[in-house]
Each structure stands twice: as structure tokens, then as C-alpha cells.
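Notes follow the structure.
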Amino acid sequence: MPNGADIPFYLPVGNECRLFELAFRHRLPLLLKGPTGCGKTRFVAHMAAKLQLGLHTVSCHDDLTAADLTGRYLLKGGDTVWTDGPLTTSVRGGGVCYLDEVVEARKDVTVVLHPLTDDRRLLPLDRTGELLQAPDDFMLVVSYNPGYQNVLKQLKPSTRQRFVAVEFDFPPPEVEIKVVAAESGLDADRVQSLVMLAGRLRAMKGHDLEEGVSTRLLVYCATLVAAGLPLREAVQAAMIEPLTDDADVKKGLDEVVLAVFG
Ligand SMILES: Nc1ncnc2c1ncn2[C@@H]1O[C@H](COP(=O)(O)OP(=O)(O)O)[C@@H](O)[C@H]1O
Ligand SMILES: [Mg+2]
């Protein structure tokens, strides 16, 4: 389906668009799993726009508490006024609430999510005494990166089993070439060689690298090349330096670049 002018560009890889739409229509929460920079956030923005839903995105971090999502009393001109957080705003008004990297958030966040993610679809606000019922057009979407080797940063089974889940990965080359060309404006030939290089660099993941080159970094690299930076410099800046600080690992990556570009 062509992307409309005001719908963020997203090229589907599998059945994720249909799955998102079905989950929305049937009021099911959705979990997106996948590495950084593979298109999860773009996908959510695209689908929210396509379904004409408002979108509240929260980038979770290790200081994020339930109150940051639900809301809190704030001092306003001498009065304390209740102020909805992004989750409460979405539940009151409908639309998509997207919690990016949800495992990063404090533990008390899951307590808030549980009643919202079963068929009750409730959001209790202890501080105001309200019990909000999510409207039909409310949808909760969360993402996390299962690649991080941190047992403390895993989603608990009791939480993850409340979501319909889609696995994301970097798009296959033929899709990734189109994505990177569309995002950067670089010609397809040069994009193709960058995507090929990314494939080689990704194959080194696990040995010394925690994460492979993301589609995001490929877009950065292609954007720099399209802007006139010499290829090797763009590769260095966008596909090598962001991946590692280790001199030996860098050398290994450089060798791969040399093998591909000569
Ligand atoms: N399937 C896709 N269609 C369009 N753009 C994509 C796609 N996959 C990745 N991208 C590009 O990659 C960038 C990073 O994707 P993003 O959604 O921010 O990653 P994530 O949220 O998974 O970390 C986007 O800004 C976009 O340029
Ligand atoms: Mg994201």
C-alpha cells in the first residue's frame, strides 16, 4: 500500500502491518522485539498514522517510574494540580501509547501495565482515586531489545505473556536497499554496496561486537555519502566508530571494509 503524504514512510518486511491492525481492532496489546535501529519506532509511527490514531511515545530509561507514565500532582501557581502522564492521556483520549525499551523502566511500571493488558483494560490511578477504562481505540505497544545480554533487563514471563509479539530484525537486503535509498536519496547502486557491507559486518556480531550495524546507521552512512563525503570516511563515521571503542575490533571491521571496497 502506498504511504500517504502525512504517513511516515515504512516498508513492510512481513505480516507486521496486518498484525498491528488486527491487534488494534481486537484490542490486544502488542510487543515488538528486535535490535536497535531496525525500524520498530518508524513502524509504530506509520501504523498509528495509517489508522488515524494519536501517538504518545515514551522512551523508557532506568529512572522512569509508574508516576512518569500515569501522572502526578504538580505545583501550579500555589495549587497542586493533577497532571496526566502520557499513558493516562492515551487511556483517556484513545490512541496508541508506545513504550520504547520498556525493560529499562523501573519495576513499578509493570504493575501499572498488568490491568491494562488483560481484558479488563483498566488503569487505576491511586493518587486520584480514579479507575479508567480504556476506550476501544486505545492500544498499548511496547518494544524491547532481547539482544542485550543482561538478565536483569529481560521482560518477565508474566509480563510478556500479556502481549501479542512480533519479532523484528534488520530487513532482508532487497527491502533494506529500498529503505536506505528512500531515506538517504543515495542512488541504488551505491546503497546496494553499503547494504552488502552491512551484511558482512553483521556477520561479525557475537564475536567481539554486541550489536551489528543497524538500518539506522546504514541510513546515516548513505546520507553522508549522498551529501558528498567520500565513501570510506562515511563508512568509518557511521558504520565503524559507532559500533565499538576497541582498537582490535575496529581493525577487524576495517579489514571487512577493505575486502568489500578494496
Ligand atoms: N522497514 C522500514 N521502512 C522504512 N524505514 C525504515 C525501515 N526500517 C528501518 N528504517 C529506517 O531506520 C531508521 C531507524 O529505525 P527506528 O524505527 O528508529 O528503529 P528502532 O525503533 O527499531 O530502534 C528509521 O528512522 C528509518 O530511517
Ligand atoms: Mg526505537
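Only the coordinates and a few stated rules stand behind these numbers; no lab work does. For clarity, every value in this text was computed on a predicted model and none was experimentally measured. Because the Cβ atoms are built from the backbone with ideal geometry, glycine has one as well, and the counts that use them run over all protein chains shown.
Per-structure values
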| item | result |
| --- | --- |
| LYS250/ASP169 FRET efficiency (R0 30 Å; Cβ-Cβ; nearest 0.05) | 0.75 |
| For the chain, share of DSSP beta bridges that run antiparallel, in % to the nearest 5 | 35 |
| Diffusion coefficient, µm² s⁻¹, Stokes-Einstein with Kirkwood Rh over alpha-carbon pairs of the chain at 4 °C and 1.567 mPa s | 64 |
| Tilt relative to the chain, helix 215-226 - C-alpha long axis, 0 to 90 degrees, to 10 | 50 |
| Positive-end residue of TYR144, ALA67, THR128, charge dipole of the chain with Cβ unit charges | THR128 |
| Electrostatic dipole magnitude of the chain [Cβ: Lys, Arg +1; Asp, Glu -1; Cα centre; debye, to 20] | 640 |
| Assigned charges on the beta-carbon of Lys, Arg, Asp, Glu; the range 42-95 dipole about Cα centre (debye) | 300 |
| Helix 40-50 axis, angle to the chain major axis (alpha carbon atoms, nearest 10°) | 60 |
| Cross-link pairs beyond the 22 Å C-alpha cut-off, checked among LYS107/LYS153; LYS40/LYS250; LYS33/LYS107; LYS50/LYS153; LYS33/LYS153 | LYS40/LYS250; LYS50/LYS153 |
